[in-house]
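Novice: Structure incoming, see below.
The values are calculated or read from the model by the stated rules, or taken from the named source; none is laboratory data. A quick note: this is a predicted structure, and the numbers were derived from the prediction, not measured. As a convention, Cβ positions derive from the backbone with ideal geometry for all residues, glycine included, and neighbour counts pool all protein chains shown. What goes into the accessible areas is simple: the full protein's heavy atoms, side chains included, and nothing from ligands, DNA or RNA. Shrake-Rupley method; radii C 1.70, N 1.55, O 1.52, S 1.80 Å.
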Amino acid sequence: DTAVSQTPKYLVTQMGNDKSIKCEQNLGHDTMYWYKQDSKKFLKIMFSYNNKELIINETVPNRFSPKSPDKAHLNLHINSLELGDSAVYFCASSLLIADQETQYFGPGTRLLVL
Amino acid sequence: AQKVTQAQTEISVVEKEDVTLDCVYETRDTTYYLFWYKQPPSGELVFLIRRNSFDEQNEISGRYSWNFQKSTSSFNFTITASQVVDSAVYFCALSDGQGGKLIFGQGTELSVKP
């Protein structure tokens, strides 16, 4: 029944660790996204994949590496975590057809780096 | 460059009052899409509405209504007879509709008191 799901929901880790967040959508969409919401609730795009190909890569440190094994999955791996990486990370998906490009969001992953 | 401004950071109303959330956008695209999302205290992002740039008709959905005016680059959201369950952060967003990123406003935190 879940449309866009993310795991884990909460992630608490130490500085310097490497962690991954997984995202899956069962909406049949062909485009997936990662957004970051900071402590002031500001939402900003990080990456976007269409049919497993990277189409948007905003100015994000290369410690962040997205991977899309198939159209339904988009994972985010973060190396050498820093305090400033603490945020809520949202996955989203949409269909790249004119007038149907509403992005639907997952529940978010709350990352706390200590 | 594209930009979305939600000048109201916080609004507080008493239940049953009407409230309007303002959204002003900037874009050079002739085709674009405008969105509103709701983020309740539980943290998920809930899609409310999408409007394309060629459709300036106002929309009403229950207690919610949206006023899109290209002349003033605004896409305002009104909640009629507000309820406590309407308490949330509301985000206005803009996209170019080509698999592109959502550009979010800063969000307006609405608090509806009983």
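Novice: Let me cross-check A:V60: its accessible surface, 1.4 Å probe, with only protein heavy atoms counted, in Å² to the nearest 10?
Specialist: 30 Å²
Novice: Show B:F54, B:F47 ordered by accessible area, largest first, where the area counts protein heavy atoms only and the probe is 1.4 Å. Display every interim value, and only then the final one.
Specialist: On the way: B:F54 145, B:F47 60 Å².
Solvent-accessible surface, decreasing: B:F54, B:F47.
Novice: Treating cross-link reach as a plain straight distance, find the aspartates and glutamates whose alpha-carbon is under 15 Å from the alpha-carbon of B:K16, omitting any fewer than eight places away in the same chain.
Specialist: By straight Cα distance, B:K16 reaches B:D86.
Novice: Per-residue accessible area for A:E58 at 1.4 Å probe radius, Å² rounded to 10?
Specialist: Accessible area of A:E58: about 50 Å².
Novice: Can you work out ³J(HN,Hα) from phi for every residue in the stretch A:61-69, in order, using Karplus 6.51 cos²θ - 1.76 cosθ + 1.60 and θ = phi - 60°, giving whole Hz and x for Gly and Pro?
Specialist: Karplus values, whole Hz, x for Gly and Pro: x, 6, 5, 9, 10, x, 9, 10, x.
Novice: Considering amide H positions built from the backbone, and no H for Pro or chain starts, which residues 5 or more places from A:M46, or on another chain, come under 5 Å of its amide H?
Specialist: Close amide H contacts, sequence-distant or interchain: A:W34, A:Y35, A:K36.
Novice: Sticking with this one: In debye to the nearest 20, how big a dipole does chain A give about its Cα centre with +1 on each Lys and Arg Cβ and -1 on each Asp and Glu Cβ? Display every interim value, and only then the final one.
Specialist: Numbers: 12 positive and 12 negative charges, 78 e Å.
For chain A, the charge dipole is close to 380 debye.
Novice: Now for a separate question. Among the aspartates and glutamates, which fall within straight-line cross-link reach of A:K52, defined as a Cα-Cα distance under 20 Å, with same-chain neighbours fewer than 8 residues apart omitted?
Specialist: In chain and number order, the partners are A:E24, A:D30, A:D70, A:E101.
Novice: Placing +1 at every Lys and Arg Cβ and -1 at every Asp and Glu Cβ, with all other atoms neutral, what dipole size does chain B have around its Cα centre, in debye to the nearest 20? Don't skip to the answer; put the middle values down first.
Specialist: Details: 10 positive and 14 negative charges, 35 e Å.
In debye, rounded to 20, chain B gives about 160.
Novice: At a probe radius of 1.4 Å, what is the per-residue accessible area of A:K67, in Å² to the nearest 10?
Specialist: 120 Å²
Novice: Report ³J(HN,Hα) in whole Hz for each residue of the stretch B:53-58, in order, from the Karplus equation J = 6.51 cos²θ - 1.76 cosθ + 1.60 where θ = phi - 60°; Gly and Pro get x.
Specialist: With coefficients 6.51, -1.76 and 1.60, one gets 5, 8, 10, 8, 5, 6 Hz.
Novice: Still on this structure, please answer the following. Project the alpha carbons of the protein assembly as shown onto their principal axes and report the range along each, largest first, in whole Å.
Specialist: Projected onto its principal axes, the Cα set of the protein assembly as shown covers 48, 39, 36 Å.
Novice: Can you give the net charge of the other residues whose Cβ lies under 14 Å from the Cβ of A:E53, counting K and R as +1 and D and E as -1? Please report the intermediate quantities before stating the final value.
Specialist: Details: positive: A:K52, A:K67, A:K71; negative: A:D30, A:D70.
Every neighbour counted, the sum reads +1.
Novice: With springs connecting C-alpha atoms under 10 Å apart, model chain B as a Gaussian network and identify which of B:R51, B:R28, B:R63 has the largest mean-square fluctuation.
Specialist: B:R28
Novice: Mind putting a number on the dipole of the stretch A:64-114 about its Cα centre? Charges go on the C-beta only, +1 for Lys and Arg and -1 for Asp and Glu, and I need it in Debye to the nearest 20.
Specialist: Details: 3 positive and 5 negative charges, 30 e Å.
With only Lys, Arg, Asp and Glu charged at Cβ, the dipole is about 140 debye.
Novice: Chains B and A: how much accessible area gets covered up at their contact, both sides added, probe 1.4 Å, in Å² to the nearest hundred? Present the calculation step by step, with values, prior to reporting the outcome.
Specialist: Numbers: alone 6360 and 6570 Å², together 11110 Å².
In total, this chain pair buries about 1800 Å².
Novice: Bin by bin, in steps of 10 Å, what percent of the Cα pairs in the stretch A:5-114 do you find, going until the bin that has the longest distance?
Specialist: For the stretch A:5-114, the pair-distance distribution reads 16, 50, 28, 5, 0.
Novice: Still on this structure: Roll a 1.4 angstrom probe over the protein heavy atoms and tell me the percent of accessible area of chain B that is carbon or sulfur.
Specialist: 47 percent
Novice: Okay, next question. May I ask you to give the percent of accessible area on the stretch A:23-114 that is carbon plus sulfur, with a probe radius of 1.4 Å? Can you show the working numbers first?
Specialist: Values: 2170 of 4140 Å².
Within the stretch A:23-114, the accessible surface is 53 percent carbon and sulfur.
Novice: What ranking of A:D18, A:D85 comes out by heavy-atom accessible area, probe 1.4 Å, highest first? Kindly include the intermediate steps, with their values, before the conclusion.
Specialist: Working: A:D18 80, A:D85 10 Å².
Listed by decreasing accessible area, they come as A:D18, A:D85.
Novice: Now for a different question. Say the dipole of chain A comes from +1 at the beta carbon of Lys and Arg and -1 at that of Asp and Glu; which of A:P69, A:S93, A:P8 then lies farthest toward its positive end?
Specialist: Of the candidates, A:P8 comes out farthest on the positive side.
Novice: Hey, another quick one. Please calculate how many Å² of accessible area chain B carries per residue, with a 1.4 Å probe and no DNA, RNA or ligand atoms counted.
Specialist: Values: 5440 Å² over 114 residues.
Computed with neighbouring chains in place, this is 48 Å² per residue.
Novice: I would also like to ask the following. Could you tell me whether the stretch A:38-102 comes out rounded, prolate or oblate from its Cα gyration tensor? Rule is a ≥ b ≥ c as square roots of the eigenvalues, rounded for a/c under 1.5, then prolate if a/b exceeds b/c, otherwise oblate. If you can, show how the numbers build up before the last one.
Specialist: Working: a/c = 2.38, a/b = 1.49, b/c = 1.60.
Taking the square roots of the gyration eigenvalues as a ≥ b ≥ c, the stretch A:38-102 is oblate.
Novice: Quick one: Karplus J couplings for the stretch B:32-40, per residue in order, coefficients 6.51, -1.76, 1.60, θ = phi - 60°, nearest Hz, x for Gly and Pro?
Specialist: Calculated HN-Hα couplings, in order: 7, 10, 10, 9, 10, 10, 10, 10, x Hz.
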